[in-house]
Amino acid sequence: MNGVKTEVATTPTNGTAKLNLGEIPILVMRRLHSDQGSVVHETLKELTLRCKSTDANAEKHRKDFVLSGGYSTVVLIMEKWPDSLGIQQESVRALCNASFTNPLIPSEVGLVEVVTAFLRRFPQDATRVETGIIALNNMSSTCLPNLERIVNDAGLRVVLEAMNRFQAHNKIQIWGSKLMFKASFHAHLAPKVVQDGGLQALAHVIQSHTLAVARKEAKQTVLALLAHMPLD
């Protein structure tokens, strides 16, 4: 959608300048497995930066992240460091950027669940909620099983709760709507979106969003959802 960022920014770390091309596997397979929280945190920040589109080799870094087991590693990290706000936040940011336009996104067990748990843990923090919802969007952009888990396993309900909580937050409204837009193309997912309250959330976007393109997409989503609803 025009005018909306699909990645998250990050602040370069002192070690960023030393990172050479082809070292993504080293970051994933060695440094992310460190028992030192500070090392893990700084490594996640480097990965987030390297997978951002401003990096000339971002596409290659995203693919290397997948091929070196980056997704499963980040899931393990988030489970290992549940009480570290820095690690939790940078993990979601890394997943967000690594998944941006990445055709190799895996259907990793626990991947959707750790991001959903992150959203549940910080329900009042609009910035973290926005990042989490963008991550869910990016992770499901080319991976239907991830989208199915988001819709069927409570991820969508958490997103809808956030949309209701932050009704004046344009980006949260946009990204929640985009998630439902993707689901609306699948007949087996549309009824669950409606059941969980998707139409009500979309109605608010249509009535209140400041961007015409967001209102238009929300209308298209409503029509697509209704088209897949079973007739009584």
- Message: Tell me the accessible surface of ASP196 in square angstrom (1.4 angstrom probe, heavy atoms of protein chains only), to the nearest ten.
- Response: 40 Å²
- Query: Rounded, prolate or oblate: which fits the range 69-113, taking a ≥ b ≥ c as square roots of the Cα gyration tensor eigenvalues, rounded meaning a/c under 1.5, else prolate when a/b beats b/c?
  - Reply: oblate
- Message: Run the simple label-point estimate for HIS186 and GLU23 please: 7 Å along Cα→C-beta, distance reported in nm.
- Response: 3.8 nm
- Query: What span do the alpha-carbon atoms of the range 115-232 cover on each of the three principal axes, reported in whole Å from largest to smallest?
  - Reply: 40, 31, 24
- Task: Calculate what fraction, in whole %, of the accessible area of the range 63-201 sits on carbon and sulfur atoms when a 1.4 Å probe is rolled over the protein chains.
- Result: 55 percent
- Item | J(HN,Hα) series, the range 27-43, from Karplus relation 6.51 cos²θ - 1.76 cosθ + 1.60, nearest Hz, glycine and proline x | 4, 6, 7, 10, 5, 5, 8, 5, 8, 9, x, 5, 5, 4, 4, 5, 5
- Query: Residue by residue through the range 159-165, which ³J(HN,Hα) values in whole Hz follow from phi under the Karplus form 6.51 cos²θ - 1.76 cosθ + 1.60 (θ = phi - 60°), with glycine and proline marked x?
  - Reply: 5, 5, 4, 5, 4, 5, 6
- Message: Heavy atoms of the protein only, probe of 1.4 Å, neighbouring chains included. What is the accessible area of THR142 in Å², nearest 10?
- Response: 80 Å²
- Item | Accessible-area ranking of TRP175, TRP81, largest first, probe 1.4 Å | TRP81, TRP175
- Cα-based Rg and Dmax for the range 174-232, in Å, come out at 10.7, 36
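Note down the magnitude of the dipole of the range 17-158 about its Cα centre, charges +1 on Lys and Arg C-beta and -1 on Asp and Glu C-beta and zero elsewhere, to the nearest 20 debye.
160 debye
Please state the shape class of the range 39-79: rounded when a/c is under 1.5, otherwise prolate if a/b exceeds b/c and oblate if not, all from the C-alpha gyration tensor.
Verdict is oblate for the range 39-79.
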- Item | Summed side-chain charge close to ASP125 - residues other than ASP125 whose Cβ falls under 15 Å, Lys, Arg +1, Asp, Glu -1 | +3
- Measuring with a 1.4 Å probe in the full set of protein chains, what accessible area per residue, in whole Å², belongs to the chain? 45 Å²
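For the pairs LYS63/LYS178; LYS63/LYS182; LYS171/LYS216; LYS45/LYS80, note any where the Cα-Cα span goes beyond 20 Å.
Distance filter (> 20 Å) returns LYS63/LYS178; LYS63/LYS182.
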- Task: Treat each spin label as a single point 7 Å out from the Cα along the C-beta direction, and report the ASN57 to LYS216 distance in nm.
- Result: 3.9 nm
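Once the Cβ-Cβ distance between LEU76 and ALA154 is put in as r, and R0 is 25 Å, what FRET efficiency do you end up with, to the nearest 0.05?
Here the calculated transfer efficiency is 0.70.
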- Message: Please report the equivalent ellipsoid semi-axes of the range 52-190, computed as sqrt(5 x eigenvalue) of the Cα gyration tensor, largest first, in whole Å.
- Response: 22, 18, 15
- Message: Largest first, please: the extent of the C-alpha atoms of the chain along each principal axis, to the nearest Å.
- Response: 59, 32, 32
- Among THR210, MET163, ALA183, whose Cα sits farthest toward the positive end of the charge dipole of the chain (+1 at Cβ of Lys/Arg, -1 at Cβ of Asp/Glu, about the Cα centre)? THR210
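The values are calculated or read from the model by the stated rules, or taken from the named source; none is laboratory data. Here the structure is a predicted model, which means the values were calculated and not measured. A quick note on method: Cβ atoms are made from the backbone with ideal geometry, for glycine too, and the neighbour counts reach across all protein chains shown. Heads up: the accessible areas ignore ligands, DNA and RNA and are worked out on the full protein's heavy atoms, side chains in. Shrake-Rupley method; radii C 1.70, N 1.55, O 1.52, S 1.80 Å.
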